[in-house]
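Here's the structure we're looking at; comments come further down.
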Protein chains: 2
Amino acid sequence: MSRSKTFFTAGPAELYPRFEEFLQDFVDQQLGSISHRSQQFKDIYQHTDEQLRELMNIPAENAIMFTGTASEIWERIVLNCTELETFHLVNGSFSKKFYQYADSLGRHAHKLEKPMGEGFSYAEIEVPEFAELICVTQNETSTGVQTREPDINKLKRGNSSKLVAVDMVSSAPIPEIDFSLVDTAFFSVQKSFGLPAGLGVWIANETCLAKSEELAAKGSIGAHHCLPDLWKQSRAYQTPATPNVMGIYLLGRVAEDMNKRGIDNLRKETDAKVNKLYKYFEKKEGFSLGVEKPEHRSRTVAVINTERPSAEIINALKVKNLIVGAGYGPKKESQIRIANFIANTPEQIDALIAAFDELF
Amino acid sequence: MSRSKTFFTAGPAELYPRFEEFLQDFVDQQLGSISHRSQQFKDIYQHTDEQLRELMNIPAENAIMFTGTASEIWERIVLNCTELETFHLVNGSFSKKFYQYADSLGRHAHKLEKPMGEGFSYAEIEVPEFAELICVTQNETSTGVQTREPDINKLKRGNSSKLVAVDMVSSAPIPEIDFSLVDTAFFSVQKSFGLPAGLGVWIANETCLAKSEELAAKGSIGAHHCLPDLWKQSRAYQTPATPNVMGIYLLGRVAEDMNKRGIDNLRKETDAKVNKLYKYFEKKEGFSLGVEKPEHRSRTVAVINTERPSAEIINALKVKNLIVGAGYGPKKESQIRIANFIANTPEQIDALIAAFDELF
């Protein structure tokens, strides 16, 4: 079945080109019925684990674990990796939610906040003395602002006794996260992996595990999907509760295909596409870029200011079966967001630009 | 694609007969890409909500909400509906896990425990004075023991000031839960709804909501999937985080199909099938029923004692593409478990019995 619409939405998003083929394999093998305690499931988990390690350069030391959503992981990180204080770099709605989760869980949650559209550079970040965890949103889906990998690395090096958590929900596997530095990171599959929503992926190192065990000895770290349980089960390619087997299987197949294409090639293609978009909207009358500083512009979610109401643009494109997202929250009417995920091919990006040329 | 294997496993389980057709509709409509904030998603949620209400006789007052798994709901119920004390009827591994979740969350968790294979009747249950919540596992997947609906109703009537939570993970929608009495109930979709795992369904009433709001005013009720957030969003057919859209869609289609077939017919068919199984294994040499008292025998998971090691039986059946589960935990080698879900047709049950006749 060919797809009539092309989605440039920031997640749920355009599905991976080979999604239907992988789904058919899942159905044909009756994998929706297999026990999550069977060797067959362990093999699926192991395959996904190995493909993700290769794709994202994740060391053997780290665990790769599965949850229902990435939001769930915000809570699990706060519960399992902090006792009293957290610190959050807030520059949009999702980094703010991570902060609010910590606050709701009774942590003394500190934040350094920037207006929407602005990003952070290492030099300007002062980390509170007693914060146990620094939370960075590598790619703010709401604003199209990124925190560059070198800044994240410096942040860890400058605060080596603190844990660093990286929200890479809408950018993984594009950014080159250095997992020898970063303690924990997470993403969901309905963004750049081009899969239906319903699966969160949590990567953590032994320092996080040690912290969770230390906290568990003192008090409660929650009951569901606690890090020590998830960790122990993951080492046998198992999960504490019945997981989204379909999501894990599809993720493994997509990651395998991405490895065949080569992550360096995918990164180059991503940059070429997004640079084309930014170059176009920089000059296009009635439009401008949502993020002023080039180094803070996202590689996977391009946010564009629009002079006319965003709904007008979105509706005109919809007639051509091109689905683009509105701005987030207060920017709903004055911005559009264009996903530049791996599933969005160069041809699709060209078709979108051609449509803008024709329509506006 | 026809299915080569038939699954009688207790979840993940045999998929619903029309599963592939519904999945194809999901793919053809590109629903894996739609925004979870769109009207299209709200319509999907509303459809599933309405079909479940009809199927399970859930009053308008109750909210129907979605999580990643049913285990997650154990934690959410304890966090949102209790401050200090819980009480659990424990007669198997899953009721014990619900108890352990409450304990891990720092509650004073009381339990009344029975050996595996035994069930509870109302008369013998003494509820601790200060317990705020009574947790009943309507169908213990690990032992094939049920708690009958009249006993659950009496339990609530006899303890009207306490909340009653019903785990119906591996029996919904078969038991006739009286939602004018029971405060909260939950299930997952990979059991009797015949869908791939990855979605939990949480039903709660306004008393639960009021309790969660009262607790939130005093302290933390967690951060992710808190009842007040889930509730408020569900009223607009929305979710706080990106949900498993595919799971919600497929559940709605399956529930709709079940409504067309009629829940009374499905209950009658379920009982006819399970009675056939029990009658057969009661007399079959080398086998006996895992649950002695007829009134405590599950309608959806038949547990059978085996004289020879369960693996021998399971492997012999596997050659015939009939997949049956082992006993759970300590009963792994001495029991088999046969799911009698709605997706397991009368013809499949007959074929299974015929295979037992031939092989053993």
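The values are calculated or read from the model by the stated rules, or taken from the named source; none is laboratory data. The structure displayed is predicted, hence computed values, not measured ones. Note that we place each Cβ from the backbone using ideal geometry, even for glycine, and neighbour counts take in every protein chain shown.
Scan the stretch B:234-285 residue by residue and report those that are touching a Gly at 6+ places or on another chain (Cβ under 6 Å) and part of a helix (DSSP H, G or I).
Selection gives B:GLY247 alone.
Give B:ASN80, B:ASN57 a once-over and let me know the one that is more than 14 Å from chain A (Cβ to nearest Cβ) and not aliphatic (A, V, I, L, M).
B:ASN57
Consider the stretch A:1-22. How many of its residues are out of contact with any helix residue (DSSP H, G or I) (no Cβ under 8 Å at 6 or more places or on another chain), within 9 Å of chain B (Cβ to nearest Cβ) and not in a loop (DSSP other than H, G, I, E, B)?
1
Does B:LEU112 satisfy the condition of being under 19 Å from the mean Cα position of the chain (by Cα) and in the same structural domain as B:GLU176 (by TED's automatic domain parsing)? It would help to see each step written out before you state the result.
Working: under 19 Å from the mean Cα position of the chain (by Cα): no; in the same structural domain as B:GLU176 (by TED's automatic domain parsing): yes.
Answer is no for this residue.
Can you name every residue in the stretch A:23-48 that is surrounded by fewer than 21 Cβ atoms within 10 Å (Cβ to Cβ) and more than 10 Å from chain B (Cβ to nearest Cβ)?
A:ASP25, A:GLN39, A:GLN40, A:LYS42, A:ASP43, A:GLN46, A:HIS47, listed by residue number.
Among residues belonging to the stretch B:80-98 that are surrounded by 24 or more Cβ atoms within 10 Å (Cβ to Cβ) and out of contact with any helix residue (DSSP H, G or I) (no Cβ under 8 Å at 6 or more places or on another chain), point out the one that is farthest from B:GLY327 (Cα to Cα).
B:PHE87
State yes or no: is B:VAL127 assigned by TED's automatic domain parsing to the domain that holds B:ARG53 and either of a type in the set (Ser, Thr, Tyr) or crowded, with 24+ Cβ neighbours inside 10 Å (or both)? Break it down stepwise before answering.
Working: assigned by TED's automatic domain parsing to the domain that holds B:ARG53: yes; either of a type in the set (Ser, Thr, Tyr) or crowded, with 24+ Cβ neighbours inside 10 Å (or both): no.
Here the answer is no, as B:VAL127 does not meet what is asked.
Out of the residues in the stretch B:172-216 that are within 14 Å of chain A (Cβ to nearest Cβ), among the small types (Gly, Ala, Ser) and assigned to a strand (DSSP E or B), which is surrounded by the fewest Cβ atoms within 10 Å (Cβ to Cβ)?
Across the stretch B:172-216, the extreme among qualifying residues is B:GLY200.
Just a yes or no: is a residue in the stretch B:323-340 under 21 Å from B:MET168 (Cα atoms) and exposed (fewer than 14 other Cβ atoms within 10 Å of the Cβ)?
Among the residues of the stretch B:323-340, at least one is under 21 Å from B:MET168 (Cα atoms) and exposed (fewer than 14 other Cβ atoms within 10 Å of the Cβ), which makes the answer yes.
What are the residues in the stretch B:130-148 that are in contact with a helix residue (DSSP H, G or I) (Cβ under 8 Å, 6 or more places away or on another chain), part of a strand (DSSP E or B) and not hydroxyl-bearing (Ser, Thr, Tyr), if any?
Answer for the stretch B:130-148, where residues must be in contact with a helix residue (DSSP H, G or I) (Cβ under 8 Å, 6 or more places away or on another chain), part of a strand (DSSP E or B) and not hydroxyl-bearing (Ser, Thr, Tyr): B:LEU133, B:ILE134, B:CYS135, B:VAL136, B:GLU140, B:VAL145, B:GLN146.
Which residues, counting only those in the stretch B:218-264, are within 8 Å of chain A (Cβ to nearest Cβ), polar (S, T, N, Q) and closer than 18 Å to A:GLY11 by Cβ?
Result: B:THR242, B:ASN244.
Tally up the residues in the stretch A:190-231 that are small (Gly, Ala, Ser) and within 26 Å of B:PHE94 (Cα to Cα), please.
Residues that pass the stated criteria total 9.
Within the bounds of the stretch B:104-119, is there any residue that is among the small types (Gly, Ala, Ser), at pLDDT 95 or above, out of contact with any strand residue (DSSP E or B) (no Cβ under 9 Å at 6 or more places or on another chain) and surrounded by fewer than 23 Cβ atoms within 10 Å (Cβ to Cβ)?
Going residue by residue through the stretch B:104-119, those that are among the small types (Gly, Ala, Ser) are B:104, B:106, B:109, B:117, B:119.
Then drop every residue that is not at pLDDT 95 or above, which leaves B:104, B:106, B:109, B:117, B:119.
Imposing the further condition that a residue be out of contact with any strand residue (DSSP E or B) (no Cβ under 9 Å at 6 or more places or on another chain) reduces the set to B:104, B:106.
Subset that is surrounded by fewer than 23 Cβ atoms within 10 Å (Cβ to Cβ): B:104, B:106.
Within the stretch B:104-119, one or more residues are among the small types (Gly, Ala, Ser), at pLDDT 95 or above, out of contact with any strand residue (DSSP E or B) (no Cβ under 9 Å at 6 or more places or on another chain) and surrounded by fewer than 23 Cβ atoms within 10 Å (Cβ to Cβ).
Here are some residues: B:ARG53, B:ARG76. Which one is surrounded by fewer than 20 Cβ atoms within 10 Å (Cβ to Cβ), basic (Lys, Arg) and closer than 19 Å to B:VAL201 by Cβ?
Details: B:ARG76 fails: surrounded by fewer than 20 Cβ atoms within 10 Å (Cβ to Cβ).
Answer to the selection: B:ARG53.
Can you pull out every residue in the stretch B:295-326 that is touching a residue at least 24 places away in the same chain (Cβ under 8 Å) and in a helix (DSSP H, G or I)?
Of everything in the stretch B:295-326, those that are touching a residue at least 24 places away in the same chain (Cβ under 8 Å) and in a helix (DSSP H, G or I) turn out to be B:GLU295, B:HIS296, B:SER310, B:ILE313, B:ALA316, B:LEU317.
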